[in-house]
There are 4 protein chains.
Amino acid sequence: MPLRGIVPPMVTPLSGRDRLDVPGLERLVEHILSGGVQGLFLLGSTGEGPGLSYALRRELIDRVCRQVARRIPVLVGITDTSYAESLRIASHAADDGAEAVVLAPPCYFPPGQDDLYRYVHNLAGESPLPVFLYNMPGLCKVAFEPETVRRLLDLPGVVGLKDSSADMIYFHEVRRIVRERPEFSLLVGPEQLLAEAVRCGAHGGVCGGANLVPRLYVDLYEAARTDDREQAASLHERVMEIARLLYTVESGAAGYLKGLKCALACVGLCDDALAEPLHRFDDLSRSLIRERLERLEIEATVRS
Amino acid sequence: MPLRGIVPPMVTPLSGRDRLDVPGLERLVEHILSGGVQGLFLLGSTGEGPGLSYALRRELIDRVCRQVARRIPVLVGITDTSYAESLRIASHAADDGAEAVVLAPPCYFPPGQDDLYRYVHNLAGESPLPVFLYNMPGLCKVAFEPETVRRLLDLPGVVGLKDSSADMIYFHEVRRIVRERPEFSLLVGPEQLLAEAVRCGAHGGVCGGANLVPRLYVDLYEAARTDDREQAASLHERVMEIARLLYTVESGAAGYLKGLKCALACVGLCDDALAEPLHRFDDLSRSLIRERLERLEIEATVRS
Amino acid sequence: MPLRGIVPPMVTPLSGRDRLDVPGLERLVEHILSGGVQGLFLLGSTGEGPGLSYALRRELIDRVCRQVARRIPVLVGITDTSYAESLRIASHAADDGAEAVVLAPPCYFPPGQDDLYRYVHNLAGESPLPVFLYNMPGLCKVAFEPETVRRLLDLPGVVGLKDSSADMIYFHEVRRIVRERPEFSLLVGPEQLLAEAVRCGAHGGVCGGANLVPRLYVDLYEAARTDDREQAASLHERVMEIARLLYTVESGAAGYLKGLKCALACVGLCDDALAEPLHRFDDLSRSLIRERLERLEIEATVRS
Amino acid sequence: MPLRGIVPPMVTPLSGRDRLDVPGLERLVEHILSGGVQGLFLLGSTGEGPGLSYALRRELIDRVCRQVARRIPVLVGITDTSYAESLRIASHAADDGAEAVVLAPPCYFPPGQDDLYRYVHNLAGESPLPVFLYNMPGLCKVAFEPETVRRLLDLPGVVGLKDSSADMIYFHEVRRIVRERPEFSLLVGPEQLLAEAVRCGAHGGVCGGANLVPRLYVDLYEAARTDDREQAASLHERVMEIARLLYTVESGAAGYLKGLKCALACVGLCDDALAEPLHRFDDLSRSLIRERLERLEIEATVRS
């Protein structure tokens, strides 16, 4: 710490309702780590955290922390509608040796900024692990407004912000606020914005595509960080192409997740069962993903 | 069953973080029942269901079912981002003698209508209790579209719909669909629409204000049902006035809940602690509520 | 005045880009008047007012005012992004003998409530004709909030409100405010809400379907007004059926307008050209409308 | 042509309702041109185009084209709810020697993508001047989706796109599409995104702040274009500061415009009257702007 680089939001391999695909999980973890990533983020949106039972969330944290064995830091999403349950996962993650927890606003009643501040204030005060804020207004209804971020920075337990708003004006606002805190980590969510965000001061990215081709994102991060403009442009193009081809077979926020899980299944990494209320692609959509993976020549990349 | 009449969505009296206000709960239950209501709905939006720990949700169901002792049917909200946890609450509710469960779409990744159908299909198939659909697009991002309602009606476990959309055109669409099923219950959420919805074929209402003045809503339901136009108009006016004065001290969806809980505290029924991420009114807002309660002459009503 | 009853928002029959279908217009006006309506509203949303050139808007006002010849009051929509142009149409309408103008918030930069108040204050002060407010947040981004309505009521030139929000809670709020002004007209937009709005105190409706079957809406208004419950329920069903079948062939706000114009063309009343940026249905959609008109047995109604 | 660089969206100096502030206009034009800008864009959102009468729009085009006298290309916004009026302004602009017109989707009935394509197809076919698309979903409700941009690129008259969506993922999508057309101009709207957009392939920016300090934006464009990283970062900071201080005194989309016009008045460039339905800041807000201008040391910049 402070965290720098690519921290993939790991999908949660499932083999059925509320059952882990254990062999798939083990393969996936090694696959991601082999890409040279600097951290691993469990139970985020991509990890379908809120959709899983608590027993399964705990099992996942146990297994992954054991398998990673401190090779890289593990971050654990504790976003939940219930404060008490968020805290319980945080304690469990601490016991398992996780590095930090990641917290988005509870998504049922949208809190105002003052309620949101007090919520994080309380939770960070009780959490045994440091807290990353997770700005995700698309799914959580409310954002951490810049002024709220400024106030939260003063809390000792708050160590980073993952911005998944896809709003670069917001990003610039927040970067200005956090740059006075050198130990703070500012990570960007949407992989299509990784290159420019890193060039503008982000410390890394939480890229869903890094489940599939982790090295690509690690290389792009490096190229952007070291200002290798040509390399960054070329890798950024590839990231755009992946997003355009794999995340858009179904529209809506869930289309990204279904496409990613289906692609992981097609290349043999893990099963593509999803947590309710989502369901895996039908055969038609799956064949589309398969065809696009070929066009992208992803399979070779994964197997190499 | 089929359920008809006023089914208050009970607030969950809390005396602190994740702790029930037990004496307040007992008072509140008796107060509501004394108003002549036809059912009691726990752990809905008003009951802050998703915000509570599972242990507390179970304790609440236990206590209320025991206290109500089948005097009226108890419905239990099982809306949750996790399917497995929803099902566990349903089982617990069944063990305690609840009559039915109430299910809104999981509010994290918004499902498409087909995913939503399959989600309810699966859950209703496994639930030990019959299921009321809970249409609440304002908080859950997606609605049960009329065509989805039509498909879900064919499932044996689906027995009712609570429509909290505040969209009367939607209500008319759905009413047309459900009227072929005489055993089905169509309830309306916003109390400001109770009178017209009942006149147009709703079987009852899930009125938050019935925590405070249950008799008012029972009387309005009766007046609307029996087409006592003058009485309905006069009681409807009072409902509008309560909503205008007590639910608007703070703007946003949570303003209703904070105002209602504060009013219940002011009249001495129960504590007004809220589940995180919400927090009770400050003194200024509370004095506003107190003053408006006086203007409404609510206290006398409650004490009588 | 005050205006009471059905005031159809007339579609503007076009035979091409910015050219009136004059014979169609004449037929349509007589057809609507033959239904016993109490007013005629030109250049609203349904009339595609903002989409037409000013020359064509003036020609339309001229022709219709001449044809109607004060048999019923004519209202003219002056909603426009430009204040000066709104005022010029108002003057033209006054010269032609129109009764009032109808004004929604300008739809480009959404004004705050204070800007909106001052805008109406200024415009109503300069308008030679009395002003109906037109609440249409779906297309105009902002609503006339109840408190703004209350302030605007004090202006001498403001004589009515057409509420097209489809939000019955809003309607009840506004009705409470305006009922202290017996000379004021409160009209409801969505025809699916005509029955209940009239029962709750609306003075009439601005029903798009009244272009096609004006008598139906006039009869429904009468049934609701006189509290003939059975008759109102039956006519309301028919209104719902028309909306469900004719306005939904294409989704989105424009689907209503395209469906309505296509239906008018199918029954031979007028051409179904639309003002840019909209375009008439293709053959497939048109055949769907034709088929549904048969199912509704509308043609017979129109011809009789 | 093709257009490259900074093309300020000029505010329209008004001295009252529908009256130009002619001396202010003349000062403002020279002030902007003195900054070394590469074009001038009249009657956009910042220019309150849709809010002005047609007579005033014509007068403005006349005066500015005469004053600019082809020193730089003049672009003219023709966005309007009425196709015929848009075309008339285009003709007027052509007669006056403007270089191109700029067209956003009509903002009343939101068109679908197919209607939108046909609308532009028709209008670009009739326009005497080449057309820039103007993507502004925040005010126009709909975006030009990437696939629609691709189709529109094949039309001979479409020569550029101004993207004001503030959505950099969209920007990357569109940039990929347009880069096959070297004569095409891709401009970015929000000035806070100018630096990164230019580094990622934008050909320039349409920056509102360039009304006030045009040189800053010209310099930032050059720094970004030539990859002078340090200079770009420093100028970008200043742009962010201007936006944060001057555009946020009032919230909402109009707050930017009111703040900008007020600042222009404070430094003595032109009057800050706004077109209805907006109104200039009150004294309190104006003193806030004045104070912030001092903090920014803008006045010295302007006077120098």
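A few comments on the model shown:
- Of all residues making up the range B:177-194, the number that are touching a Gly at 6+ places or on another chain (Cβ under 9 Å) and touching a residue at least 24 places away in the same chain (Cβ under 8 Å): 11
- Answer residue from the range D:64-79, given it is surrounded by 17 or more Cβ atoms within 10 Å (Cβ to Cβ) and away from chain C (no Cβ under 14 Å) and is nearest to D:Leu139 (Cα to Cα) among those: D:Val76
- Hey, A:Val198 surrounded by 21 or more Cβ atoms within 10 Å (Cβ to Cβ), assigned to a loop (DSSP other than H, G, I, E, B) and touching a residue at least 24 places away in the same chain (Cβ under 8 Å) or not: no
- When the test is whether a residue is more than 14 Å from chain B (Cβ to nearest Cβ), basic (Lys, Arg) and surrounded by fewer than 21 Cβ atoms within 10 Å (Cβ to Cβ), A:Arg58 does not pass it.
- Counted residues, the range B:153-195 - those being buried (at least 22 other Cβ atoms within 10 Å of the Cβ) and aromatic (Phe, Trp, Tyr): 1
- Listed by first and then second residue, the pairs linking a residue in the range D:206-217 that is more than 13 Å from D:Thr301 (Cα to Cα) to a residue that is of a type in the set (Phe, Trp, Tyr), with Cβ atoms under 6 Å apart and 6 or more places separating them unless they lie on different chains, are D:Val206/D:Phe41; D:Cys207/D:Tyr217.
- Cross-chain or 6+ apart pairs with Cβ under 8 Å, the range D:76-95 first and of a type in the set (Lys, Arg), then in a helix (DSSP H, G or I): D:Arg88/D:Tyr54
- Within the option set C:Ser91, C:Ser86, C:Ser82, C:Ser53, being surrounded by 17 or more Cβ atoms within 10 Å (Cβ to Cβ), under 26 Å from C:Arg4 (Cα atoms) and modelled with pLDDT of 95 or more holds for one residue only, C:Ser86.
- The range A:232-245, subset closer than 22 Å to A:Glu299 by Cα and surrounded by fewer than 20 Cβ atoms within 10 Å (Cβ to Cβ), residue nearest to the other protein chains (Cβ to nearest Cβ): A:Met240
- Hey, A:Leu187 at pLDDT 95 or above, farther than 24 Å from D:Ala202 by Cα and touching a His at 6+ places or on another chain (Cβ under 7 Å) or not: yes
- Condition broken by D:Ser285, with the remaining ones in (1) within 30 Å of A:Ala224 (Cβ to Cβ); (2) touching an Asp or Glu at 6+ places or on another chain (Cβ under 7 Å); (3) not hydrophobic (A, V, I, L, M, F, W, C) satisfied: (1)
- Of all residues in the range A:12-49, those that are within 21 Å of A:Leu139 (Cα to Cα), in contact (Cβ under 8 Å) with a residue 60 or more places away in the chain and touching a Ser or Thr at 6+ places or on another chain (Cβ under 7 Å) total 1.
- The range C:147-169, residues that are more than 20 Å from the chain's Cα centre (by Cα), in a helix (DSSP H, G or I) and aliphatic (A, V, I, L, M): C:Leu152, C:Leu153, C:Ile169
The rows are residues; the columns are (1) surrounded by fewer than 21 Cβ atoms within 10 Å (Cβ to Cβ); (2) within 12 Å of chain A (Cβ to nearest Cβ).
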site	(1), (2)
B:Phe109	no, yes
B:Gln113	yes, yes
B:Arg118	yes, yes
B:His121	yes, yes
B:Ser127	no, no
B:Phe132	no, no
B:Pro137	yes, no
B:Val142	no, yes
B:Pro146	yes, no
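- Top-ranked residue of the range C:193-204 - restricted to ones that are touching a Lys or Arg at 6+ places or on another chain (Cβ under 9 Å) and not charged (D, E, K, R), ranked as nearest to the other protein chains (Cβ to nearest Cβ): C:Cys200
Results for (1) touching a Ser or Thr at 6+ places or on another chain (Cβ under 6 Å); (2) closer than 21 Å to A:Gly39 by Cα, shown as yes or no for each residue.
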residue	(1), (2)
A:Asp96	no, yes
A:Tyr108	yes, no
A:Leu155	no, no
A:Phe184	no, yes
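- Considering the range D:246-279, and only residues there that are more than 16 Å from the chain's Cα centre (by Cα) and at the interface with chain C (Cβ under 8 Å from one of its Cβ atoms), the residue that is surrounded by the fewest Cβ atoms within 10 Å (Cβ to Cβ) turns out to be D:Gly252.
- Qualifying residue in the range C:4-20 (condition: modelled with pLDDT of 95 or more and among the acidic types (Asp, Glu)): no
- Residues of the range D:246-273 that turn out to be in a helix (DSSP H, G or I), under 16 Å from D:Thr301 (Cα atoms) and in contact (Cβ under 8 Å) with a residue 60 or more places away in the chain, as a count: 2
Let's see how each residue does on (1) more than 19 Å from A:His172 (Cβ to Cβ); (2) among the hydrophobic types (A, V, I, L, M, F, W, C):
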| site | (1), (2) |
| --- | --- |
| D:Leu194 | no, yes |
| D:Ala197 | no, yes |
| D:Ala202 | no, yes |
| D:Asn211 | yes, no |
| D:Gly255 | no, no |
| D:Cys262 | yes, yes |
| D:Leu269 | yes, yes |
| D:Pro277 | yes, no |
| D:Arg280 | yes, no |
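- Among the residues of the range A:111-129, those identified as touching a residue at least 24 places away in the same chain (Cβ under 8 Å) and in contact with a Leu (Cβ under 8 Å, 6 or more places away or on another chain) are A:Pro111, A:Tyr117, A:Val120, A:His121, A:Leu123, A:Ala124, A:Gly125, A:Glu126, A:Ser127.
- Selected residue (only one of C:Leu288, C:Leu296, C:Leu284 is closer than 21 Å to B:Arg175 by Cα and free of Cβ contacts under 8 Å to residues at least 60 places away in the same chain): C:Leu296
- The set of residues from the range C:1-24 being surrounded by 20 or more Cβ atoms within 10 Å (Cβ to Cβ) and within 16 Å of the chain's Cα centre (by Cα) comprises C:Leu3, C:Gly5, C:Ile6, C:Val7, C:Pro8, C:Pro9, C:Met10, C:Val11, C:Thr12, C:Pro13.
The values are calculated or read from the model by the stated rules, or taken from the named source; none is laboratory data. Just so we're clear, the structure is a prediction, and the values are computed from it rather than from any experiment. For neighbour counting, all protein chains shown are included, and Cβ atoms are generated from backbone atoms with ideal geometry for every residue, glycine included.
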